[in-house]
1. What number of residues within region A:295-310 are surrounded by 24 or more Cβ atoms within 10 Å (Cβ to Cβ), in contact with a strand residue (DSSP E or B) (Cβ under 9 Å, 6 or more places away or on another chain) and part of a loop (DSSP other than H, G, I, E, B)?
2. Among the residues of region A:530-588, write down those that are β-branched (Val, Ile, Thr), touching a strand residue (DSSP E or B) at 6+ places or on another chain (Cβ under 8 Å) and assigned to a loop (DSSP other than H, G, I, E, B).
3. Here are B:Asn15, B:Asn30: which of them is over 17 Å from A:Arg172 (Cα atoms) and at the interface with chain A (Cβ under 8 Å from one of its Cβ atoms)?
4. Of everything in region A:323-339, what is of a type outside the set (A, V, I, L, M), touching a strand residue (DSSP E or B) at 6+ places or on another chain (Cβ under 6 Å) and surrounded by 24 or more Cβ atoms within 10 Å (Cβ to Cβ)? Give them in sequence order.
5. Checking the structure you have, find out if any residue of region A:880-892 is under 27 Å from A:Gly486 (Cβ atoms), more than 11 Å from every other protein chain (Cβ to nearest Cβ) and among the small types (Gly, Ala, Ser).
6. Those residues that are of a type in the set (S, T, N, Q) and crowded, with 18+ Cβ neighbours inside 10 Å, I need them from region B:116-142; list them, please.
7. Which of the residues belonging to region A:225-278 are hydroxyl-bearing (Ser, Thr, Tyr) and more than 30 Å from the chain's Cα centre (by Cα)?
8. Within the group B:Thr272, B:Thr204, which residue is more than 30 Å from B:Cys72 (Cβ to Cβ) and polar (S, T, N, Q)?
Amino acid sequence: MKTLVKILAKSAALANILLFVVLYGVKIAFTAAAARDAAFKKRLAEKNLTVQFRLKDRTRGRYYFLRDGKLLSRGGIHPDPDVTIIFGSAMVALDLLVPPRDQLATINAMKNFQLGMEGPEELTSWWMETLSMMQNSGMEYGTEVSPGLRRYTSNTNGGAVFVYVKDGKILRITPIDFDEKDAPPWTIYARGKSFTPPRRTTVSPHTLVFKSMIYSPDRILYPLKRVDFDQNGNRNCQNRGISGYVRISWGEALDIVAGEIKRVKRDHGPGAIMNGSGSHHLWGNLGYWLSARLRFFNHIGWTSVAHNPDSWEGWYWGAMHHWGQSMHLGAPESYGTVEDCLKECEMVVFWSSDPEATSGVYAAFEGTVRRQWLNELGIPLVHIDPFYNHTAALLGGKWLAPRPATSNALALAIAYVWIQEELYDKDYVAKRTHGFEPWRDYLLGKEDGIPKTPEWQEKETGIPAREARALARQWGTKKTYLAAGGLSGFGGACRSATGNEWARAMVCLMAMQGLGKPGVNMGGMQQGTPIDTGFYFPGYAEGGLSGDIAKTALGVSLYNRMPQIPTVNTVYQQVPRLQIPEAILEGRTSGYPTDPKTIEGQFFRFDYPAPGYSPVRMYYKYGGSHIGTMAETNRYVKAYQSENLEFVVNQSIWFEGETKFADIILPACTSFERWDISEFANCGGYIQHSFNQCNHRVAIMQHKCIEPLGESRSDFQIFLELAKRLGFSAMFSEGVTEIDWCRRLFDATDLPKVISWKKFLKKGYYVVPAPTVPLRDPVSFRAFAEDRLKDTPEIAPLPADYTEQVFRGLQTQSGKIEFVCSSLQRYDPDDPERPVMTKYFPSWEGPHTADLYGKYPLQLITPHPRYSFHTMGDGKHSWVNEIGDHRILVNGYRYWIVRINSNDAAARHINNHDLVRVFNGRGAVICAAQVTERVPPGTVHSYESAATYDPIGEPGASPDRGGCMNILTPSRPMIKKSHSFAANSCLVEIEKWEGQ
Amino acid sequence: MKKWLLVIDVEKCENCNNCFLSCKDEHVDNDWPGYAAPQPGQGPSWIAILGKERGQYPLIDVAYLPRPCLHCYNAPCIGAAKDSAVARRPDGIVLIDPVKAKGQKQIVSACPYGAIRWNELLALPQKCTLCAHLLDNGWTKTRCVQACPTGALSLRRVEEKDLQGIIAGEQLEVYEPDRMTSPGVYYRHLKRFTCCFLGGSVATKLDDGREECAVGARVTLIGATGAVVAESTTNAFGDFKFDHLEENSGRYTLRIVYANRPPKIVAVELRTSLHSGVHFV
């Protein structure tokens, strides 16, 4: 019909007639929707108003009266309408009003000023939402299980789920068992056996506890104002974190926040408003921190908090210079590796790798069954980790426990043995690598007189020389997969003072063994399943509805597929996240960017304050707490209490962590209480095709399962309400609601080719069929090893970053794996902290720092937590707290756990489950001790990312019993020329805690 | 009559706690009349996960044993209950009647495994129901089995006459058989939890002083009577490990033979799992 209308509308006369019909049709559509949908009928009764639709030149129009729930209309121009919708011409009006809705046409008309809207924001916004509701009236979603019991779907940081709802309350949350209509799984045949994953999704512990978090007593159900905060008088900044709160109305809260946004801009100029998010938000493509949040803040102009490449540190600042992989933050790509590993590999070395704890990332227990297949095939396993981790505990194998931040010495000794005993791939090194000889000479001691022998490494790592030699011989004679990190890359040793050199050494070892040859690759079965990478569905890093082409991966695919009004932050100022306290307290800091586009992106130092911008005066915090997740975090507490911050607002779901440092608290709802759409473990962008951790690609409609609790609202709604007060609600929402954005995103994917919106909305998920065997992706680095053009399905590196020919070789200048890094030679060849080839340095905080080590003789490591995910799942009365290996109940309080070797415990008269004070010069945390053999003497283990911050005295200056171990970790970056985090280089002492 | 057979494989349990958490999700705040009253939000859980670390750094392993109600054939709780408040159904599920059992605290102490918990708020003994309210309504898995990622928990329906064959064929055992309760829940690889190991490393010193792992050394474990208990060969790291030994089983002798070196004899006293150290030959 639309095509016909377009043809007819070429005649101006016909267009005017058609317009008359269509405008009348609007009324009919309203009446019909009100007749079939009680909710819509109720909506129409909310307001009495007059809405004028007219052409720009006022020659034609029709206005609609909404009176007591009834819609009447009349042709012509009303003298004083409440809301006016203005079309550039009859043709434009027809294009936009005749179904199906064409979002690109709408946006184009808006950009060309051919579509406009006049009236108070409250009314224009209400009218647009009402139009949207009309179009969605009668929409059915979810499955009826039995009378009164409906099953919805949702998605989380730890897997996709069914949500059973009865009487408006969530009854249960389960993994998704596929039904007979869902696509069959893939099968890999290897060594006479066949391997097929179960037809279901797995879920993480922090996902199974959502019911306890949704209905947590720590939910913020109403807007709150700090009792001694007065935006027109005394702000009492020093009392942040101390004073209590009083309930206020949404109207008052929004007026204060919008008023402060205007005031701060008026008083200080651009840059005075800073916004930062937690490391992760609740899962989704639209309500995520890279989506609605950016769309809002780009409209007000903001100093952004620049994220460090947290979790990837050493891969990004170090390994990237050897092999590129910048689009993966320096970590390797992983296509086809599951099948290759099962078929070819003879040994797997897990080095600082505990996927059973970290789920790779986002992927629940999807990789677990595949690692069990390694056991089934009898493939020998080695685990190198200061902690006898959960992957080692489940799968068994040889455990080697180096002292924290030393294991790059072990790597150098392995290379030394390979050279001495000629156990490396000389042909590959000659043809596919660059600069081996200088590094070989360094290993042999020709440069510094110290051969990097197994005996040499023993002094650093504590691993017996004979075992280092045995490992080198096994590795040098067996086709070996190296799982370095919980994903390929990610976590553990790469987040220490020597994290760069460790990640660099991992690349160099694999280069010596022929990376990409059959059975020789990176990964521990966590990534690289044979799923369909050719089916388009975006991940969260593709920016959702952000409109932000500069700061998300929106421009790659999604922007074309889901046309939207682009948004631009006009404020160039940034604050490095790890230096927020210095920016606020000292007014001066600097950082280096996380820019995955190219290797050189990380060299562009930025300073704060940026030229011409105001220092930050207002902090709009959103999402999880930095006190549990950043470094030396008593600094953050002190920053909050500074008068330099005139206003702090926290938009949060739970009253936890740093929420209590805000002046105004805006209550957000969980993702179970709003609409969203997403895919299991698909983050897109920096971990392109990250869903290849999963056994099945599962696209999920995140149903609005229940109404928001209390007065909480979705982030989108909160931002929209503020946008109304700041004059950009139409640009923020584009006149549509959250469910419409879901539909728009659905239309942008490949889903409409295989399932209708109606069916998807009802069933809630779609399993993307696995490709046939010939269509499975090739193995990563195989083409590189064989000097063929890159054949894995990613535009990474970007075309300009190839040297000889697009798709030939790697991103490095030589196109090869570089033992001597040309990027570092160009940038700063004399940097003693990051030499052009990888070398061993002792940690700047560790056994070699004698003064400190004398006082604090225990090396604390704090990897990513197992049962919680950043601050998700911990605290807030979540059931995770009751897991005996997460927190321990002592005297009625659940304490965070520190794990200590039995010898170290005995020397300190510490018994299992005793309360202890873990401390150093930066602060103290009260923990419960777990006495164990899972760490060697001298090393202590805890997890990072407690959600609770609970100082027993003055905030920022007293021991925390909430478990924020990052109070203890150093804020010093791994190397000066980086924005990085070295949490696993941390000296502490532990003593029995007898206090209250 | 078909029986529900829950099998727990200790070797596959990694202490992820999904069983514990899904049990809470199903039962906290949810009332299943005729099956169970709501589980308390914080506090006594219906499935315990017992953990055991064996050995000493650096030769250790870890095992976990999820322990729900064992749905015993000779369930002592049935006898302890008044008014038939606890009953065993024909399909093997033992249920505490949430109405009749009110106030009957003695049911809690009747269970030798501690699987019955006292709900203070409701004054009610409570325990795992094997999600009977779901199984009776078409579910084929309990919540814990559904959420288990490793296959450590599995549930099926078997004919009672086939049970003995399954137990023998799959080497199933019951937990603490001495208690004579005839549990209906079975375990695999229980020895990972109940037995101990004796391990160690074998190494040699070369003429230049360097140490090497002794790969392929023959290690013989000899009992107090002089009888050979087991034999093993050291792996690529010179390590050996004899498993499934009884705790406190007394004196053993290790006889280590490597290449043409003279045999090395090591005497050990085994109380619990032991890393006997590095033995140079």
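1. The total comes to 2.
2. A:Ile531, A:Val571
3. B:Asn15
4. If the condition is that a residue be of a type outside the set (A, V, I, L, M), touching a strand residue (DSSP E or B) at 6+ places or on another chain (Cβ under 6 Å) and surrounded by 24 or more Cβ atoms within 10 Å (Cβ to Cβ), then A:Trp323, A:Pro332, A:Thr337 are the ones that fit.
5. no
6. Selection gives B:Asn119, B:Gln126, B:Thr129, B:Thr142.
7. A:Ser243, A:Tyr245, A:Ser249
8. Being more than 30 Å from B:Cys72 (Cβ to Cβ) and polar (S, T, N, Q) holds for just one of B:Thr272, B:Thr204, which is B:Thr204.
The values are calculated or read from the model by the stated rules, or taken from the named source; none is laboratory data. Since we're looking at a predicted model, the values are computed, not measured. As a convention, Cβ positions derive from the backbone with ideal geometry for all residues, glycine included, and neighbour counts pool all protein chains shown. In case anyone asks, the SASA skips ligands and DNA or RNA and just uses the protein heavy atoms, side chains included. Shrake-Rupley method; radii C 1.70, N 1.55, O 1.52, S 1.80 Å.
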